[in-house]
2 protein chains.
Amino acid sequence: MAHLQHRPGQGRRRASHSMESVLTEAVALLDEAGAHALTFRALAQRLGGGVASIYWYVANKEELLDRATDHVIGKVLADIEALPGGDDPVDDLRAMALTLFDAIVDRPWLGAYFMRNTDVQGNSLRLYERLGQQTLRLDLSARQRFHAVSAIVGVVVGSAVDMGQEPPKEVLDGAVDRDEFLGRYAQAWRELDPGDFPFVHEIVDEFDGHDDVDQFRSALDLTLAGLRLQAGA
Amino acid sequence: MAHLQHRPGQGRRRASHSMESVLTEAVALLDEAGAHALTFRALAQRLGGGVASIYWYVANKEELLDRATDHVIGKVLADIEALPGGDDPVDDLRAMALTLFDAIVDRPWLGAYFMRNTDVQGNSLRLYERLGQQTLRLDLSARQRFHAVSAIVGVVVGSAVDMGQEPPKEVLDGAVDRDEFLGRYAQAWRELDPGDFPFVHEIVDEFDGHDDVDQFRSALDLTLAGLRLQAGA
DNA sequence: GAGTACGATAGAACAACGTTCGATACGAGG
DNA sequence: CCTCGTATCGAACGTTGTTCTATCGTACTC
């Protein structure tokens, strides 16, 4: 059987893209349905064009992800640069980290790709620089400053990864909400032997219905308290 | 053309697996060539059997990954339980976290999958419990204990993720070693405008040729210092 | 010992994905 | 009108996770 031929004359219009539109639609896909939803075919359909056209703008999927992340990190950077800024550099660091974390709460997929490639992702480097500039106001060695910023980014990424893993599709469908999902885990934990798992029993009520932002803020504050101590303030 | 028929008589022997052998070979694949090397076909070939046989032991790839990580976390847990243990609970926490991190240094793929599903991964839960038991020796509220352990795990995961991303295959082939890879980044950073990037210039020498373990230890110590402060010790 | 039920294995096929290829449209400049 | 570089697209390729269906081998039953 002969293959169907494409008839150019009365076919559909050709689509006209741009780097901007490609990234915007890619981010929209990621926002709407998570990382696994961003495929070249889905993106092409959204753009009203062909699959191969996207490859004119990006070399491969990794670069697509990198550019998409950089695209939204740009807005986060703008938010961070718009922060008032006060007397205490540690407080400023705290505000910056919280702004970054808020953005990841809104876009859980960010956590997985953020800070992967500072080569293409120029905005990540600028964000890194902005955090570091606050440490310049502290009495620290260069090595301590380097480690301090790495630690803060590590706390953000660590919490974000914990948060970014997609719930097992019952809660994504809305059939089960997050609290009930957490409650099931909590219930399973409560049924463990208290002799073998004293700590789990101690904190199970805290775990049940806990807030991710609280958890992150606490972790961040521990690091910042350590930093304050190190800076001798 | 007719398909070739499988002749059972003089064909090769049937393979005989076990949960143990499946996980062992899966871990071996992960160790040898990273996460992308673990495919059902590669694993089946290693086991000398068919692809579908693996599905008798695990429901899907996610469960395979979960069980594989749990398999090696079991050894880490044994190492941690074998730790001497001293007067200071914070020091013990430090030793535990370092043991865990060492295991991730040996197996970078661990960082990405560790602590994803405590349902199947019973050893992760036990590890979590072990960390938590140290906080029971500190003067903290239940919520503070919960947040403390989350923070420590967050620091480990945050550093591990930073470390776990596969280098761009030049260093994996051995054509370029890690120091040279870091050096290229450092060089690019040095060429940035010092007015726009004062912090990057401040720490570029620290970044160049830095040690991941040092970086992790510093981040961990900041968190632990904050924890000590919180416990009022 | 013939029959059977079940644990276990396996090849083939399927759908979806990232990626490549070759062809083709389009506008600007000669 | 022709040409060239930019931009687009359908079709195909190879690989992946997964499912289907058929089979083997062993232990147990009558």
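The values are calculated or read from the model by the stated rules, or taken from the named source; none is laboratory data. What you see is a predicted model; the values in this text were computed from it and never measured. Note that each Cβ is placed from the backbone with ideal geometry, even for glycine, and that neighbours are counted across all protein chains shown. Heavy atoms of the whole protein, side chains included, go into the accessibility calculation; ligands, DNA and RNA do not. Shrake-Rupley method; radii C 1.70, N 1.55, O 1.52, S 1.80 Å.
Listed values, structure above:
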item: Label 7 Å beyond Cα on the Cβ vector: B:Gly209 copy-to-copy distances, nm; result: 5.6
item: Axis-proximal residue, chain B, for the rotation superposing B on A (Cβ, Å); result: B:Gly158, 2
item: Accessible surface, chain A, averaged per residue in Å² (probe 1.4 Å); result: 52
item: Among A:Arg143, A:Arg126, A:Arg217, residue whose mean-square fluctuation peaks in a GNM of chain A (springs only between Cα atoms under 10 Å); result: A:Arg143
item: Region A:74-231 - percent relative contact order, Cα under 8 Å, separation 6 or more; result: 26
item: Sum of -39500 (n - 2.57) over DSSP H runs of 4+, divided by residues of chain A (222 nm, nearest 500); result: -20500 deg cm²/dmol
item: Most to least accessible of A:Phe216, B:Phe40 (protein chains only, probe 1.4 Å); result: B:Phe40, A:Phe216
item: Rounded to 10°, Cα long-axis angle of helix A:178-190 versus longest principal axis of chain A; result: 50
item: Segments B:89-100, A:175-186 sorted - mean Cβ within 10 Å per residue, highest first; result: B:89-100, A:175-186
item: Mean Cβ neighbour count within 10 Å, used as a protection proxy, ranking B:27-33, B:14-20 highest first; result: B:27-33, B:14-20
item: Inter-copy label distances at A:Pro194 (7 Å, Cα→Cβ; nm, one decimal); result: 6.5
item: Chain A: most fluctuating residue of A:Phe199, A:Phe101, A:Phe146 per GNM, C-alpha cutoff 10 Å; result: A:Phe199
item: Interface burial for B against A (accessible surface, 1.4 Å probe, total of both chains, Å², rounded to 100); result: 4400
item: Label point 7 Å beyond Cα along the C-beta direction, distances from B:Gln165 to other copies (nm, shortest first); result: 2.1
